[in-house]
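Asker: To start, I am sharing the structure in question, which I have written as structure tokens.
Where a number appears in this text, it was derived from the coordinates with a stated rule and is not lab data. Just so it is clear, the model here is predicted, and its values are computed rather than measured. As a convention, Cβ positions derive from the backbone with ideal geometry for all residues, glycine included, and neighbour counts pool all protein chains shown.
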Amino acid sequence: MNSAEAKTHIQQLTDKINHHNDLYYNKSKTEISDFEFDKLLEELITLEAAFPELRLPDSPTQRVGGTITKEFASVVHQYPMLSLGNTYSAEELTDFDARVAKGLDGDAYEYFCELKFDGVSISLMYENGLLTKAVTRGDGVRGDDVTTNIKTIKSLPLRIRAKDVPARFEVRGEVFLPKEVFKQLNKEREDIGEETYANARNTASGTVKMQDSSEVAKRKLDCYLYYLLGEDNEVESHSDAMKKLEHWGFNVSPTYKKCKSVQDVLGYIQTWEKKRHELPLETDGVVIKVNSLEQQERLGFTAKSPRWAIAYKYKAESIRTRLNGITYQVGRTGAVTPVAELEPVFLAGTTVKRASLHNANEIMRLDLHLGDYVFVEKGGEIIPKVTGVDLAKRNASAKRVSYITHCPECNSILIRKEGEANHYCPNEKGCPPQIKGKVEHFIQRKAMDIDSLGEQTIRQLFELGLVKTPADLYDLRKEDLLKLDKVKDKSAQNMLDGIAASKTQPFESVLFGIGIRYVGKTVAEKLARHFKTMRNLEQASYEALLETPEVGEKIAQSVVEFFKDTDNQNEVARLGQSGLQFESNQQEPALVSTVLADKSFVISGVFEHYERDQLKDIIIANGGKVLSSVSAKLDYLLAGDNMGPAKREKAEKLGVKIISEAEFENLLKG
């Protein structure tokens, strides 16, 4: 394929993928399957890798990420990102209204009310309809350029297609992690033995500043836009600006309202105080703005905030209830989590009976005693948490809570590794919740996807002694399943069909499913791609594992220890004998040129514009070969930052040419 043909095909693919993205994220419609969409995207990635000069600025591949940013450039805001004054009472809001009335010399005015989202403020610059820069609030005067990360947000237009777009404008909004995404993210971290994140807001903030944009893309951030700035926007009010943003394709929360008076504002605040809990993200208040832009200009600013806007903050919903006891849950990895058992109480739209206590450190910090009256909040948390104790109501004879020393399920002595907050039960092969948890992990959607089974079925199978490891599932017969409660012939057959169908799941799903600690779905994909077969992975050394993208010392050590264990070796062998996929079916990229024909490369280090997997695909797509070790026959050592010194020393000793990322791109040009 020559450059002209590639240019035409890239444009066609870009238009087609952008069309389907718009349908899915903005119109909630689909015309093609996920598989078909992924194939289109893969084809575009390969073409752009072969012809990087033809990549369009609004290419949908920007949403996949892949750029490594070691330092974020500092950018001065054209319009300072000032903070708003806060109020927590109707009286203070009435005082604000009086100041507005005085500042406008009695002229009529109206307010625009919108919910205050608990996320990360972002400023987006567009030029000729194209997103050119995304900058964090920072200190209000300057922030960090996080454009590559923000481009991964699927609901955000990279190019505005409308005809009435000014040459340059700025739009501001709030980047957030939806509640369900945050909940799933924490479930996955807990599932592989990692500590969970505290709240969605802090997690969103950390995600925006991650160095690898491909990891940002996997977090599924979203963004609501709420403010338009610029010289040529041709709007007279904030409400006009919001309509324009909606018209241009921005994601604007439909929760806003124009209010004629401060009484209407108070009504809006009251309406959303409870209703806001139904939204897909956390909110912590209401922003009230004078609607007219001319009146905003007349009112002006103080040194820190505008005089024409204020934030009404909802008080964090906290309620007092009695601590009846503490139970301890044992997870798949053996992590023990303390849970407060509470006198039932209604909080933030639901009845709360239990609340997280996180770990032993938190119990010590709170100095909990049995029978204490504790304060419980939801706030930015998905699961309620205990935030404090009402010491005035503590019974003098109350017994201080002591963290357990033995597993509540199998009575093994708990361990606590240095540097970790959680206690663990080490009896992974004999502790019932750990055994059942491993099988439940194995059947989940991101692993073997056996949706005909479930937690209750696994529990019964375990109690009947039929299933104690994932491999046991493949030995089940219909007569075994008919022993389960309420299972008839048809449902038993459905279970068997689901188990049989799981044998077609790809190698990376099997690798995730076998439950190596710290090996999540992403790491499993990297390992499968790097080692190709289960046998290669089983025999991999600690040093070889460290060569895999995304794999650090903790993961490498965990993989080595897993495959050293005789029981694990037998389990993996049984799964292989049952017919599971133990080889990667990932296809090598299609050949797009022979510019690197007969050239061999070793890739090492961290790169500015590519992941190592992407570089590998580019080399293969252009006729080259990728090797794992440096030898005299090697043509190039492609060196990024933080490359191990041993490889460099060996390459220099053997006279192998060491090239940078920029020099590699020049090679591609022929």
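Asker: Using 10 Å bins from zero, what percent of all Cα-Cα pairs in the stretch 273-408 falls into each bin?
Answerer: For the stretch 273-408, the pair-distance distribution reads 10, 31, 24, 16, 11, 7, 1.
Asker: For the stretch 548-639, what D do you get in µm² per second when you plug the Kirkwood radius from alpha-carbon pairs into Stokes-Einstein at 4 °C and 1.567 mPa s?
Answerer: Calculated translational D: 81 µm²/s.
Asker: Something else about it: Would you tally the net charge around K151, using a Cβ to Cβ cut-off of less than 13 Å, leaving K151 out, and scoring K and R as +1, D and E as -1?
Answerer: +3
Asker: With unit charges on the beta carbon (Lys/Arg positive, Asp/Glu negative), name the residue among G173, W308, I150 whose Cα is farthest towards the positive pole of the charge dipole of the stretch 75-313.
Answerer: Ranked along the dipole, the leading option is I150.
Asker: Now for a separate question. Kindly write out, for the stretch 320-334 in residue order, the coupling ³J(HN,Hα) from the Karplus curve 6.51 cos²θ - 1.76 cosθ + 1.60 (θ = phi - 60°), rounded to whole Hz, with x marking Gly and Pro.
Answerer: Once θ is set to phi - 60°, the couplings for the stretch 320-334 become 9, 8, 8, 7, 7, x, 10, 10, 10, 9, 10, x, 4, 8, x Hz.
Asker: Over the Cα atoms of the stretch 446-552, each weighted equally, I'd like the Debye log10 I(q)/I(0) at q = 0.11, 0.12, 0.15, 0.22 Å⁻¹, rounded to two decimals.
Answerer: Each listed q maps to, in turn, -0.44, -0.50, -0.70, -1.10.
Asker: In the chain, which cysteines lack any other cysteine Cβ under 4.7 Å from their own?
Answerer: C113, C223, C259
Asker: Within the set of other residues whose C-beta is less than 9 Å from the C-beta of E455, count the net charge using Lys and Arg as +1 and Asp and Glu as -1.
Answerer: The answer is +1.
Asker: When only DSSP loop residues count, what trypsin sites (Lys or Arg not before Pro) in the stretch 211-266 have their Cβ near at most 15 other Cβ atoms within 10 Å?
Answerer: Working: sites: K218, R219, K220, K243, K244, K257, K258, K260; in loops: R219, K220, K260.
When the trypsin sites (Lys or Arg not before Pro) of the stretch 211-266 are filtered for loop state and at most 15 Cβ neighbours within 10 Å, K260 remain.
Asker: Measuring from label point to label point, each 7 Å out along Cα→Cβ, what is the A167 to K315 span in nm?
Answerer: Taking the two extended label points, one gets 5.3 nm.
Asker: Tell me the label-point distance for the pair I404, A90, using the 7 Å Cα-to-Cβ offset, in nm and rounded to one decimal.
Answerer: According to this spin-label approximation, the distance is 4.9 nm.
Asker: Sticking with this one: Pop the C-beta distance of S491 and M210 into the FRET formula with R0 = 35 Å and round what comes out to the nearest 0.05.
Answerer: That gives a FRET efficiency of 0.20.
Asker: Compute the separation of the alpha-carbon centres of the stretch 204-259 and the stretch 528-571 and state it in Å as a whole number.
Answerer: Result: 43 Å between the Cα centres.
Asker: Please state the Cα pair-distance histogram of the chain with 20 angstrom bins from zero: what percent is in each bin?
Answerer: 15, 42, 35, 8, 0
Asker: Next question. Based on the Cα atoms of the stretch 3-63, what semi-axes does the equivalent ellipsoid have, where each is the square root of 5 times one gyration tensor eigenvalue, given in whole Å with the largest first? Mind dumping the intermediate values first?
Answerer: Values: eigenvalues 94, 25, 17 Å².
In descending order, the three semi-axes are 22, 11, 9 Å.
Asker: Give me the orientation-averaged projected area of the Cα convex hull of the stretch 318-393, in nm², one decimal.
Answerer: That works out to 5.1 nm², a quarter of the Cα hull's surface.
Asker: What does the convex hull of the alpha-carbon atoms of the stretch 75-313 project to on average, in nm²?
Answerer: 13.3
Asker: Would you compute, for the Cα atoms of the stretch 507-577, the largest minus smallest coordinate along each principal axis and list the three values in descending order, in whole Å?
Answerer: Principal extents (Cα only, largest first): 29, 21, 19 Å.
Asker: Please go through the residue pairs K315/K393; K151/K385; K179/K490; K417/K616; K446/K488; K183/K483 and name each one whose alpha carbons sit more than 32 Å apart in this structure.
Answerer: Result: K151/K385; K179/K490; K417/K616; K183/K483 exceed 32 Å.
Asker: Sticking with this structure for a sec: Please give the contour-minus-distance gain from K669 to T351: 0.36 nm per residue of separation, less the Cα-Cα distance, rounded to one decimal in nm.
Answerer: 108.1 nm
Asker: Given points 7 Å out from each Cα along the Cα-Cβ axis, report the E53 to I413 separation in nanometres with one decimal.
Answerer: For E53 paired with I413, the spin-label model returns 6.9 nm.
Asker: Another question about this same structure. What Kirkwood hydrodynamic radius do you get for the stretch 164-293 when you take the inverse of the mean 1/r over all pairs of distinct Cα atoms, in Å?
Answerer: Values: mean 1/r = 0.0584 Å⁻¹.
With all distinct Cα pairs of the stretch 164-293 included, I get 17.1 Å.
Asker: Rounded to two decimals, what is the ratio between the C-alpha radius of gyration of the stretch 432-504 and 2.2 N^0.38 Å?
Answerer: Here the Cα radius of gyration is 0.98 times the empirical estimate.
Asker: Can you check how the C-alpha radius of gyration of the stretch 377-451 compares to 2.2 N^0.38 Å, as a plain ratio?
Answerer: 1.60
Asker: If we count every other residue with Cβ under 12 angstrom of Y226's Cβ, Lys/Arg +1 and Asp/Glu -1, where does the sum land? Please list the in-between numbers first.
Answerer: Details: positive: K116, R172, K289; negative: E114, E174, E246.
Charge balance near Y226 sits at 0.
Asker: Of K133/K163; K39/K625; K218/K304; K133/K526, which pairs sit farther than 27 Å apart, going by alpha carbon to alpha carbon? Show your work: numbers first, answer last.
Answerer: Working: K133/K163 21 Å; K39/K625 23 Å; K218/K304 36 Å; K133/K526 31 Å.
Among K133/K163; K39/K625; K218/K304; K133/K526, the Cα-Cα distance tops 27 Å for K218/K304; K133/K526.
Asker: Taking H placed 1.01 Å from N in the peptide plane, check which residues at least 5 places from D212 or on another chain put their amide H under 5 Å from its amide H.
Answerer: Under 5 Å from the amide H of D212 lie the amide H atoms of T69, each far enough along the sequence or on another chain.
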